[in-house]
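Peer 1: Just passing along the structure, written as C-alpha cells.
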Amino acid sequence: MSHPVINEEECIGCGICVDACPQEVLEVAGGTVTVANEDSCIACGDCVEECPMGAITEVVED
C-alpha cells in the first residue's frame with residue numbers, strides 16, 4: 001500500500017498536485033494540500049512529479 005505525504009512546511013497550496021491526481025486523493029484545505037482519500041491512491045506518482053516545491057513524498061507501507 002502506498003500513499004502521498006505532504007510536507008506542510010514546503011507546500012504552498014498551489015493545487016497543481018490536486019489537478020494531477022487521477023484518483024482525487026488530494027485537496028487544498030487551509031492553505032496547504034492534504035490527503036483526503038488515502039485509500040484511493042494508486043501510487044502513480046503524478047503528484048510527486050508535478051509538485052513544484054518538492055513537498056510530496058510517496059510512502060510505501062507493507
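Residue by residue, here is whether (1) loosely packed, with under 13 Cβ neighbours inside 10 Å; (2) in contact (Cβ under 8 Å) with a residue 40 or more places away in the chain holds:
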{"residue": "25", "(1), (2)": "no, no"}
{"residue": "49", "(1), (2)": "yes, no"}
{"residue": "53", "(1), (2)": "no, yes"}
{"residue": "59", "(1), (2)": "yes, yes"}
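Peer 1: What number of residues in the stretch 27-40 are touching a residue at least 24 places away in the same chain (Cβ under 8 Å) and open to solvent by less than 70 Å² (accessible area, probe 1.4 Å)? Steps first, please.
Peer 2: Step one: filter the stretch 27-40 for residues touching a residue at least 24 places away in the same chain (Cβ under 8 Å), giving 32-35, 38.
Now narrow it down to the ones that are open to solvent by less than 70 Å² (accessible area, probe 1.4 Å): 32-35.
Count: 4.
Peer 1: While we're on this one: If you go through the stretch 42-60 one residue at a time, do you hit one that is more than 14 Å from residue 10 (Cα to Cα), touching a Ser or Thr at 6+ places or on another chain (Cβ under 6 Å) and part of a loop (DSSP other than H, G, I, E, B)?
Peer 2: yes
Peer 1: Also, quick follow-up: Checking the conditions here, which among 18, 33, 5 is assigned to a helix (DSSP H, G or I) and under 10 Å from the mean Cα position of the chain (by Cα)?
Peer 2: Answer to the selection: 18.
The values are calculated or read from the model by the stated rules, or taken from the named source; none is laboratory data. These numbers were taken from a predicted model, which means no experiment stands behind them. For neighbour counting, all protein chains shown are included, and Cβ atoms are generated from backbone atoms with ideal geometry for every residue, glycine included. To get the accessible areas, we keep the full protein, side chains included, count just its heavy atoms, and leave off ligands, DNA and RNA. Shrake-Rupley method; radii C 1.70, N 1.55, O 1.52, S 1.80 Å.
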